[in-house]
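Structure first, then comments.
The values are calculated or read from the model by the stated rules, or taken from the named source; none is laboratory data. Please read these numbers as outputs of a predicted model, since none were measured by experiment. Backbone-built Cβ (ideal geometry, glycine too); neighbour counts: all protein chains shown.
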C-alpha cells in the first residue's frame, strides 16, 4: 500500500512540476529575461498564483472537462503571457496588475475552455467561438445587501 501511495504522490509531483514548467515557458514568451523577472519583484509568484489558477479552474469547469491537460495549462499560461504589460513597455511589470485579476482570470479561462473544446475533451455542445459569451453568462458577480446598523437591536 505504501509503495502505491509513494508512486501516486511522486506521479502527482511530476505532473505539477511539468505543469509549472509549461507555465514558466509560457511566461517567458513575453521576451523578458528570467533574471529581470526575479529582480523586478520578489513577491511576483504570489500574484502569479492569483492570476493563473482561478482561470485554469474556471476554464475547466466552463468546458465541463473531466480533466485538465498539459495543453490546457499551456493555453492558459500563453494567454496570461499575452496580457503582460511588458509587451507594450519593457519598464512595466511582467504580470498584469493584481487589480485586473478578475478580467485576467476570465481571459485565461476562455483560453483553457477553447483548448479543451479543440482537444475534444470538453463535454459541452457549443463551439469554441462561444466560449467568451458562455463564460460571461457563468461568471459569479457578488451582490451584497445593504447593512444597516441598529444600536438598539430592534431592526
Filter result for residue 48 (in a helix (DSSP H, G or I) and at pLDDT 90 or above) | no
Enumeration of residues in the stretch 92-121 that are closer than 18 Å to residue 61 by Cα and assigned to a loop (DSSP other than H, G, I, E, B) | 120, 121
Quick check: anything in the stretch 103-118 at pLDDT 90 or above and farther than 21 Å from residue 139 by Cα?
-> yes
Please list, ordered by first then second residue, the pairs with beta carbon atoms under 9 Å, 6 or more apart or interchain, first in the stretch 58-83 and at positive phi and surrounded by fewer than 22 Cβ atoms within 10 Å (Cβ to Cβ), second at pLDDT 95 or above and in a loop (DSSP other than H, G, I, E, B).
-> 64/122; 64/123; 64/124
